[in-house]
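*Asks:* What follows is a single structure, and I will ask about it in a moment.
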Amino acid sequence: MSEKSLFIQATDIIRARDERIAALEAEVAQNETDLLRLNDLLDTAEAERDALRAEVESWQRVAGLRTAELDAHLTRTEKAEAALRTLLDRMERIEASEAYRSVWVIAQIHAGPYHGETWAVERAAAHAALRGTGLSG
């Protein structure tokens with residue numbers, strides 16, 4: 001082989017190597033661009049995740065407050081139901097007692113029949129309310 005032929009062959013090899021290096025540098029540049037874009041997407045996703053986490057925590061606090069309010073309301077409702085049940089039971093025991101009925105007999109003898117207000121409607125409504133809430137016994 002001649003020197004000229006070797007020079008041409010070496011030049012071709014160097015040119016091919018330079019083209020390969022340029023192609024690899026372009027690929028590296030594209031990879032760097034893709035990496036930057038992916039990092040931006042990751043940052044955006046992390047920010048969205050953090051915002052959603054904060055929103056979930058906020059809703060959990062609200063749910064906790066609502067649960068506490070509902071528990072307090074249920075406690076008040078249960079106390080009111082117990083008081084109403086006790087009142088109704090006591091009214092019925094007193095009305096069934098001989099001593100209470102004798103007062104009405106004496107009143108009827110001396111003053112005539114009673115024509116005043118009664119609580120029959122309210123008592124029926126109270127019993128219905130206890131049955132309607134599922135709290136009645």
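*Asks:* All but one of (1) assigned to a loop (DSSP other than H, G, I, E, B); (2) loosely packed, with under 10 Cβ neighbours inside 10 Å; (3) not hydrophobic (A, V, I, L, M, F, W, C) hold for residue 114; which doesn't?
*Replies:* Looking at each condition in turn, residue 114 falls short on (2).
*Asks:* Right, next: Within the set of pairs 6+ apart or on separate chains, which have a first residue in the range 68-80 that is within 19 Å of residue 126 (Cα to Cα) and surrounded by 10 or more Cβ atoms within 10 Å (Cβ to Cβ), a second that is of a type outside the set (S, T, N, Q) and modelled with pLDDT under 95, and C-beta atoms under 9 Å apart?
*Replies:* Within 9 Å, the pairs are 77/135; 78/135.
Residue by residue, here is whether (1) within 44 Å of the chain's Cα centre (by Cα); (2) modelled with pLDDT under 95; (3) of a type outside the set (D, E, K, R); (4) more than 30 Å from residue 125 (Cα to Cα) holds:
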site	(1), (2), (3), (4)
29	no, no, yes, yes
39	yes, no, yes, yes
48	yes, no, no, yes
87	yes, no, yes, no
100	no, yes, yes, no
104	no, yes, yes, no
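*Asks:* I'd like the full set of residues that are hydroxyl-bearing (Ser, Thr, Tyr) and either under 28 Å from residue 130 (Cα atoms) or exposed (fewer than 10 other Cβ atoms within 10 Å of the Cβ) (or both), limited to the range 41-67.
*Replies:* Going through the range 41-67, the residues hydroxyl-bearing (Ser, Thr, Tyr) turn out to be 44, 58, 67.
Selection gives 67 alone.
*Asks:* Follow-up question, since we're still on this one. Give 96, 26 a once-over and let me know the one that is surrounded by 10 or more Cβ atoms within 10 Å (Cβ to Cβ) and among the small types (Gly, Ala, Ser).
*Replies:* The unique qualifying residue is 26.
*Asks:* Sticking with this one: Does residue 52 meet the test of being in a helix (DSSP H, G or I) and in contact with a His (Cβ under 8 Å, 6 or more places away or on another chain)? Write out each step before concluding.
*Replies:* Working: in a helix (DSSP H, G or I): yes; in contact with a His (Cβ under 8 Å, 6 or more places away or on another chain): no.
So residue 52 does not fit the description; no.
The values are calculated or read from the model by the stated rules, or taken from the named source; none is laboratory data. Just so it is clear, the structure is predicted and the values come from calculations on it, not from any experiment. Cβ: placed from backbone, ideal geometry, glycine included. Neighbour counts: every protein chain shown.
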